[in-house]
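Structure first, then comments.
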Amino acid sequence: MAPAGRGLALATAIAVAAAGGGSNFAPERAQAQGRGVPLIRDTEIEQLLRDYAAPILKVAGLSKQDVHIVILNDRTFNAFVMDGRHIFINAGALFDARTPNEVIGVFAHETGHLAGGHLMKLRAELARAQTASIVALLAGVGAAVAGARAGSGNIGAAAIMAPQSAIQRSLLAYVRTQEDQADHAGVKFLTATGQSAKGMLDLFKRLSDESLFNSRYVDPYLQTHPLPPERVAALEVMAKASPYFDRKDPPELQLRHDMMRAKLSGFLDRPDTVYRRYPLSDHSLPARYARAISTYRYGNGRDAIAQIDGLIQSQPNNPYFYELKGQALLEGGHPADAIAPLRRAAALAHNAPLIDILLGQALIATDNVKNAEEAVPLLRTALSREPESPDAYAQLAMAYGRKGDLAQADLAAAQAAFNRGDLKTAQQLASRAKTRLPVGSPAWVRADDIVSVKAPAVPKQ
């Protein structure tokens, strides 16, 4: 597993396994994974990352596997896979990646793990290691008994520890081999898509330079990743052999990348940090974007709207500027004013469920029954693409409540609680919904499904 802070290299689920919304830009808790990990949901950023990953997944034969990219609200550099359908990347990796090609290189590496079936192979290796560990332990116990009989207890202890250490080293060597294979596969995928591996190489070099001091005194046989100098040297040979090594990212893609980094800074950084990174003397679109977001979050609402209007004037067909304006107005207590820009954002973005959820929230917040009636089909359509969103269900519950449909309101509220991981509340609401719904109807069956879910067993201490 990558150490705290900046890892020696790209951390993957290989290391992890070995160690055992409503608004568009919003942190959510990944309750389903049991760790309360804060996620970042944002239509603009997610679309960019899908565009980065799509060609890589296609040449790897994974385009039909429906691989999702999940952004974690963590400022350390990290990216990993934990199953065959998700690539996780920290916000810190997106902050630190200076070019699209660097992030694409990260995805190429992680896709190498997916395509190589490394997770399944690692599980088998772990199972074999556990079996070997048991055998070694029994052998060690036998040696300890023999040593005790001979009056030499220390020999037995060494006999127990030595095979355990050898097994650990063997397993970690297996993991390092998979990391090397993922690097090779990543370069292969980049070359097949006509893209450079220079971004991956540059990234590894930076990480290598930053971690060089820490790695001087590390036992290379107790690492899950090859040590940086070795890894960078091997990667450099492969990368420079590609005919596309000197190919640069298109300017329009670089601008989208810079806008992503500006957006992350505006939402996640303190205002003083934003203004140091994007001073008033910087009139670029990304700098104006970051400052507008920071102003809306921490400053004067009127100034923020004026800055956002300036962005819209620069790019009148950019859906995310309208979305930002709508979000700023909604959170500033002006839901009726937020509707028009959010309608425009939804129309320009084409089937963006997170924006539709935000529009639904604005409609409901006006406390107008007609607006609530409009919100219901809008939110239901959004939920068909975001079925695990607790915020969307919560808004749907309020919309039904405005209409006076208490049965559907209870059911939607139950589904919201269920997706948040609050099973007790979900079952209470679902039980009440069942008393208000026609027995055997589709809605009644959904409520009954929630009521019938068994709580996970609590491990004994």
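Derivation of every value follows stated rules applied to the coordinates shown; laboratory data play no part. Note that the structure is predicted; figures quoted are calculated from it, not measured. Here the Cβ positions follow ideal geometry from the backbone for every residue, glycine too, while neighbour counts run over all protein chains shown.
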Extended-chain gain in nm, criterion 0.36 nm per residue less alpha-carbon gap, Leu255 and Val445: 63.5 nm
Per-residue ³J(HN,Hα) for the range 395-405, Karplus 6.51 cos²θ - 1.76 cosθ + 1.60, θ = phi - 60°, Hz, x for Gly and Pro: 5, 5, 4, 5, 4, 5, x, 4, 7, x, 8
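Just to verify a number: FRET efficiency for Lys370 and Arg98, C-beta to C-beta distance, R0 = 51 Å, to 0.05? Spell out each step's value before the answer.
Values: r = 49 Å, r/R0 = 0.96.
Once the sixth-power term is evaluated, E becomes 0.55.
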Distance (nanometres) between label positions extended 7 Å along Cα→Cβ at Tyr244 and Ser452: 5.0 nm
Range of Cα positions in the range 331-461 per principal axis (Å), largest first: 51, 37, 26
Pairwise Cα inverse-distance average, inverted: Kirkwood Rh of the range 243-303 (Å): 12.4 Å
For His86, residues with placed amide H under 5 Å, excluding near neighbours: His68
Extension gain (nm, one decimal) between Asp66 and Asn351, 0.36 nm per residue minus Cα-Cα: 100.8 nm
Leu285 versus Arg343: modelled label distance in nm, points set 7 Å from Cα along the beta carbon direction: 2.6 nm
Distance in nm between pseudo-label sites at Arg50 and Thr435 (7 Å out along the Cβ direction from Cα): 4.2 nm
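Per-residue counts of other Cβ atoms within 10 Å, averaged by peptide: what ranking do you get for 364-375, 307-318, highest first? Let's see the in-between values first.
Numbers: 364-375: 17.8, 307-318: 15.1.
Taking the mean over residues of other Cβ atoms within 10 Å, the ranking is 364-375, 307-318.
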